[in-house]
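The values are calculated or read from the model by the stated rules, or taken from the named source; none is laboratory data. Keep in mind the model is a prediction, meaning the values are calculated, not measured. Glycine gets a Cβ as well: all are built from the backbone with ideal geometry, and neighbour counts include every protein chain shown. Protein only, heavy atoms only, side chains kept; ligands, DNA and RNA dropped before computing areas. Shrake-Rupley method; radii C 1.70, N 1.55, O 1.52, S 1.80 Å.
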Amino acid sequence: MNDDSQILIARLLSHQTLRRDDKLVKRVLSDEQFRKEVDGRLLAVGLKLLDNVYADHVTLALHRNMEPKIFGAKDVWQNNNFGLSRDGVALLVVLWAQIILPKRERQETHQHAEDDQNDMFGTEKPLPRAEDTSIGIAYKALLADFGDKLGKKTRLDMNLGILSKLGFIERRGDVIVEGPLLDLLMDTDVLKERIVNGALADVFKRSPPQIIPVPRSAPPLAANDEEPAPAFAEAEDDILPAFEAPPPPAPIDDDTPAKD
């Protein structure tokens, strides 16, 4: 007889993330007894199931009380086990703020990415999936806005490659979109206030960018799924940047005589 909790944990360890519409994931999110069994097995090895209603995937993470024993085992606190440099971590925060915060706002108002205006009865609809509300940001705009602060083009490209391999982002031509882990491993409750009113306050005070929905490729067929999800018909070449960088201000001529 198959042990479903064992299978689910083994698949999460093997694949890192699973979609919320996976059969066993749906069961662990809705079956209280099954969730207790999974949580108990994970707790025995210092892990926990990580999910939130705004993300389309679930993953595993260390329990908070295990972090000092793992990351603090040496003289230096090893809180970054992804091997990211400081500019890589800064880029991750920027991408999270530019992609996840607008997506969360759309999900809370039950608005899809292609909607032009709020629906009077939108809040009565089910919470939209992340892939239906998430938008992308243009690589050129990211380079123009943050390139000088994040190591210029060479470092930016290198860190984008690392974040893509880790599952935080995906690349769709010139557009950078949300990956499976971007909305799972970042603590929105802690970061939102610091980012919106602190480190990136000047960015969020600008006029909102033109929003263009980014089509996603069909997810891989899970081992226990019956039918694959339908593929998108649009080609990647048809994807447009989500926004362009604002034009530089016109130069001021100090030699222009003042009018009487």
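Data for the structure
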read-out	value
Gain on full stretching of the segment that runs from VAL93 to SER30 - 0.36 nm per residue minus C-alpha separation	19.5 nm
GLU108 accessible area, assembled protein chains, probe 1.4 Å, Å²	100 Å²
Over region 1-75 - Rg/Rh using Cα atoms and the Kirkwood inverse-distance radius	1.01
Projected label distance in nm at LYS48 and THR154, using a 7 Å step from Cα toward the beta-carbon	4.2 nm
